[in-house]
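The values are calculated or read from the model by the stated rules, or taken from the named source; none is laboratory data. As the structure is a computational prediction, the values presented were derived from the model and not from experiment. Backbone-built Cβ (ideal geometry, glycine too); neighbour counts: all protein chains shown. Just so you know, the surface numbers come from the protein's heavy atoms only, side chains and all, with ligands and any DNA or RNA stripped out. Shrake-Rupley method; radii C 1.70, N 1.55, O 1.52, S 1.80 Å.
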Amino acid sequence: MRLLPLGLAPLLLVLCVRSASAEVLTWTVDGDKREAIVFAPSAPPPGKLPLVFSFHGHGDDMENFQYVGLQQAWPDAIVVYIQGLPSRDGLRGWQTERGDYNDRDLKLVDVALAALRKKYSVDDNRIYATGFSNGGHFTYLLWAERPGVFAAFAPVAGCLRPSVQPTQPRPLFHVAGARDAQVAFADQKAAIATAVRVNGVGGQTKPCGDGCTVYGSGTPTPVMAWIHSGGHEYPRSTSERIVSFFHDHPKKP
């Protein structure tokens, strides 16, 4: 899957996935109606369930982004595709810095998580965040602003704004395209370098496939970086790789 050639365009779906039932949940945050498509196991396994927040790119929406298929890659998890609100240019998106848009999206995550904990049996040791492009920027912001909530993060084609400075080590999986013309590859490499520094895993590298490197393999807070040869896109197998990484990194073993 990859983006349309226009800047900040929605995700173009080229992968067919089987249909699945889902529920649309709504919350009110600072007077705004917020909503999400929520997939939950139809026959939940024993015990508490992992929870994955997924954030679409700028100009996209939850209806389209659900087809990245995280819910199929991890059918035993609760997967939440949240809808962004219009940004200053009128297209749906997310805040990328503390205080931006009156912290509307950080507040949304707080409200949504509280509601989901009441509705489902959520495993607090297995709450995760992932997002594409602008959603990836927001995923990095969640690491900086809500590190105690999440077990691990997986930004795709995202970067850190200069004001966003994570301080608490957390497992992180970053997916980047070497030819990304929308979110500069250099900025994504800088975000990976920041993650390596914060997690204290510099100098400990191990290959994990074509274009993939793990920093700090075997440590509690590794950084996995998959650098593919494409551009600003969500490559095939991305969701499966994200789920595998999340599955291997609960907050507590």
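For Arg117, state whether it is at pLDDT 95 or above, among the basic types (Lys, Arg), open to solvent by 70 Å² or more (accessible area, probe 1.4 Å) and on the phi < 0 side of the Ramachandran plot.
Numbers: at pLDDT 95 or above: yes; among the basic types (Lys, Arg): yes; open to solvent by 70 Å² or more (accessible area, probe 1.4 Å): yes; on the phi < 0 side of the Ramachandran plot: yes.
So Arg117 passes the test.
So which pairs qualify, if the first residue must be in the stretch 235-253 and among the aliphatic types (A, V, I, L, M), the second must be at pLDDT 95 or above and outside any loop (DSSP other than H, G, I, E, B), the Cβ gap must be under 6 Å, and the two must be at least 6 apart or on different chains?
Cβ pairs passing all conditions: Ile242/Thr130; Ile242/Ala154; Val243/Ala73.
Tell me which residues, restricted to the stretch 141-197, are in contact (Cβ under 8 Å) with a residue 60 or more places away in the chain and surrounded by fewer than 19 Cβ atoms within 10 Å (Cβ to Cβ).
Listed by number, the residues that qualify are Arg161, Ser163, Gln182.
Is it the case that the stretch 222-234 has a residue that's in contact (Cβ under 8 Å) with a residue 60 or more places away in the chain, among the aromatic types (Phe, Trp, Tyr) and crowded, with 16+ Cβ neighbours inside 10 Å? Don't jump to the end; show me each part of the working.
As a first pass, look at the stretch 222-234 and keep what is in contact (Cβ under 8 Å) with a residue 60 or more places away in the chain: 230-234.
Restricting the remaining residues to those that are among the aromatic types (Phe, Trp, Tyr) gives 234.
With crowded, with 16+ Cβ neighbours inside 10 Å added as a condition, the list becomes 234.
Looking for residues that are in contact (Cβ under 8 Å) with a residue 60 or more places away in the chain, among the aromatic types (Phe, Trp, Tyr) and crowded, with 16+ Cβ neighbours inside 10 Å, one finds at least one in the stretch 222-234, hence yes.
Say whether the condition of being modelled with pLDDT of 85 or more, assigned to a helix (DSSP H, G or I), on the phi < 0 side of the Ramachandran plot and open to solvent by less than 60 Å² (accessible area, probe 1.4 Å) is met by at least one residue in the stretch 50-62. Give the derivation first.
Quick first cut of the stretch 50-62, residues modelled with pLDDT of 85 or more only: 50-62.
Now narrow it down to the ones that are assigned to a helix (DSSP H, G or I): 62.
Then keep just the ones that are on the phi < 0 side of the Ramachandran plot; that gives 62.
The next check asks that each one be open to solvent by less than 60 Å² (accessible area, probe 1.4 Å); those that pass are 62.
Yes.
If you scan the stretch 200-212, which residues turn out to be closer than 18 Å to Gly158 by Cα and crowded, with 17+ Cβ neighbours inside 10 Å?
Keep residues of the stretch 200-212 that are closer than 18 Å to Gly158 by Cα, which gives 211-212.
Those that are closer than 18 Å to Gly158 by Cα and crowded, with 17+ Cβ neighbours inside 10 Å: none in the stretch 200-212.
Can Gly218 be described as open to solvent by 30 Å² or more (accessible area, probe 1.4 Å), within 24 Å of Arg126 (Cα to Cα) and modelled with pLDDT under 95?
Working: open to solvent by 30 Å² or more (accessible area, probe 1.4 Å): yes; within 24 Å of Arg126 (Cα to Cα): yes; modelled with pLDDT under 95: yes.
When the stated conditions are applied, Gly218 passes them.
Can you name every residue in the stretch 195-232 that is part of a strand (DSSP E or B) and under 20 Å from Ala129 (Cβ atoms)?
Taking the stretch 195-232 as the starting set, the residues that turn out to be part of a strand (DSSP E or B) are 205-207, 212-215, 223-228.
Matches in the stretch 195-232: Val214, Tyr215, Val223, Met224, Ala225, Trp226.
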